[in-house]
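All remarks here apply to the structure that follows.
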Amino acid sequence: MEIQEIVLHQKKFFNTQQTKNSKFRKMYLEKLKGLILENENALYEAIHKDFGKSKFDTFTTEISFILNDINYYLKNLESLSKPKRVSTNLVNQIGKSKIYSEPLGNILVIGAWNYPYQLSLSPIIAALAAGNCCILKPSEIAEHTMKIMAKIINENFPPEYLYVYEGGIDETTEVLKLKFDKIFFTGSTKVGKIVYKAAAESLTPVTLELGGKSPTIITKNANLEIVAKRIVWGKFLNAGQTCVAPDYILAEESIQTEFLNVLKKYIQEFNYQPGSEHYTKIINQRNFERLIQLIDQNKLYLGGNSNKENLYIEPTVLINVSWEDEVMQEEIFGPILPVISFTDFNLTLNEIVEHEKPLAAYLFTNNSEEKASFTQKLSFGGGCINDVIMHLGNENLPFGGVGNSGIGNYHGKFGFETFSHQKAVLEKATWGEPNIKYPPYSDKKFSWIRRFM
Ligand code: NAD
């Protein structure tokens, strides 16, 4: 079947109202969970073929996320879908007011390659939980994971409800010409703009989960052992190919040397080296070449070696970096960590504010004034104080960007809301209608109206 036909079938199927039934939604969420568990090994193998990611890392950063999402919606779907009663103001008496969460209809989810299961299936799970029909277009760059998701889903789900559409730029360009009730895109800011423009043609709402340069500030009031441990893990996980990875470090000058020493210790201790089990490859030649260009040999503190044949780049730390350096112009998205030193915390915050709003920001300190300035002055999608990345692991927090790093959010109840329309309904009693609302009007009615409204 052609994709145009599948989209039409999804629209028709949605109109049968079947997906609005919570039992139907739960049945398919359970089915998806069963399929993921049954095919767990095949999922590990596919991602390993794409960029050498280990079973351990795939479970902790992908499979566990998806299973937790499914469990969350299985548990909370009824309460999230229940109409919410709100109070009714005086002019609308005698009446009842309710907000109905209704599914939007047919959804297009476009995924990125760096966490191919999580970034494709998490939005799909939220969209199905909210009662929608979905097309998933995973990233063709992680080819094996795209194929395994297509196989598992297309062999087990009716295409009029959920379908995986395989393809690259040409196919995505075609599918973007079709009419959806929502487009959910994860990827670069550059492609996000293309998606946004295409969606504008048919006034389709979008959620854009984009990237950016996420700053990580370390002050003299931080516990450097824990700082370095957490940063090494968060930066070199997936070889730095993580949208919320610390992009660059801003270290207070007085602790920079000590910080670098501990950083080095943990890079060695964690064995983040090309070829080791928990260190992944760079996804392709294009990204490899792009990253190599960013390594300024004159600023090298650690690492810098690479292997073109098998696409490995060593964990690399650059020092004496300035805001003007090439490495500071675009999101790095690889295992290169520039360190800029600072002496004035507030001036550093001002410098960050001058740049595009990042997807994440991190601060390491035990000083409450610094914590307060960080949360008040900086605008960013989400972040942590004294940790990195882990805010994503709390389903009670929304995950999304702001400004250049994205539009909208998801995870937990926020994901359900992203794929729902909040329909307002006022139900009036058919008795007790005040005459004051209707003509003919008089000064006396006007004075009463002024009091009521
Ligand atoms: P990308 O923008 O190149 O690709 C994303 C998707 O868009 C893919 O499915 C791809 O097929 C499609 N695409 C690519 N070019 C297109 C075009 N010209 N027209 C239409 N569709 C097109 O991004 P990527 O390389 O997969 O991921 C890296 C970027 O994504 C980084 O910037 C990263 O920060 C960001 N990202 C953001 C999040 C988040 O949750 N906010 C998560 C992961 C990655």
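The values are calculated or read from the model by the stated rules, or taken from the named source; none is laboratory data. This structure is a prediction, so every number in the text was calculated from the model and none was measured. Note that we place each Cβ from the backbone using ideal geometry, even for glycine, and neighbour counts take in every protein chain shown. Areas reflect the complete protein model, heavy atoms only, side chains present, ligands, DNA and RNA absent. Shrake-Rupley method; radii C 1.70, N 1.55, O 1.52, S 1.80 Å.
With a simple spin-label model that places each label point 7 Å from the Cα along the Cα-to-Cβ direction, the separation between ALA150 and ASN320 comes to 5.0 nm.
Take the solvent-accessible surface of the protein heavy atoms, probe 1.4 Å, and return the percent of it on the range 215-400 that carbon and sulfur atoms account for.
On the way: 3520 of 8090 Å².
Here it works out to 44 percent.
Placing +1 on the Cβ of every Lys and Arg and -1 on the Cβ of every Asp and Glu, with nothing else charged, gives the chain a dipole about its Cα centre of roughly 2520 debye.
Grab the Cα-Cα distance for ASN15 and LYS177, subtract it from 0.36 nm times how many residues apart they are, and report the gain in nm with one decimal. Display every interim value, and only then the final one.
Details: separation 162, 0.36 × 162 = 58.32 nm, distance 2.13 nm.
Answer, rounded to one decimal: 56.2 nm.
If the chain linking ARG286 and SER64 were pulled fully straight, counting 0.36 nm for each residue of separation and taking away their Cα-Cα distance, it would gain 76.9 nm. A straight Cα-to-Cα reach below 15 Å connects LYS12 with the aspartates and glutamates GLU160, ASP181, residues fewer than 8 places away in its own chain not being considered.
Over all pairs of distinct alpha carbons, what does the Kirkwood formula give as the hydrodynamic radius of the range 55-112, in Å? Intermediate values should be presented prior to the final figure.
On the way: mean 1/r = 0.0656 Å⁻¹.
That comes to 15.3 Å for the range 55-112.
Could you sort out which of LYS84/LYS357; LYS23/LYS49; LYS49/LYS137; LYS33/LYS53; LYS31/LYS193 sit more than 26 Å apart by Cα distance in this structure?
Details: LYS84/LYS357 34 Å; LYS23/LYS49 37 Å; LYS49/LYS137 20 Å; LYS33/LYS53 22 Å; LYS31/LYS193 35 Å.
Long pairs (Cα-Cα over 26 Å): LYS84/LYS357; LYS23/LYS49; LYS31/LYS193.
Candidate cross-link partners of LYS179 among the aspartates and glutamates, defined by an alpha-carbon separation under 14 Å and a same-chain spacing of 8 or more, comprise GLU5, GLU201.
Were the residues from ASN92 through GLU330 laid out at 0.36 nm apart, the gain over their Cα-Cα distance would be 80.4 nm. When only alpha carbons are used to place a centre, the range 120-148 and the range 47-91 end up 13 Å from one another. A convex hull fitted to the Cα coordinates of the chain yields 182 cubic angstrom per residue. Rounded to the nearest 0.05, the FRET efficiency derived from the C-beta distance between GLU258 and ASN76 at R0 = 41 Å is 0.35. All alpha carbon pair distances within the range 215-400 were sorted into 5 Å bins beginning at 0; the resulting P(r) in whole percents reads 1, 8, 18, 22, 22, 16, 9, 4, 1, 0. Residues in the range 215-400 average 43 Å² of solvent-accessible surface per residue, probe 1.4 Å, ligands and nucleic acids excluded. For LYS265, the lysines whose Cα comes closer than 21 Å to its Cα, not counting residues fewer than 8 places off in the same chain, are LYS220, LYS229, LYS235, LYS299.
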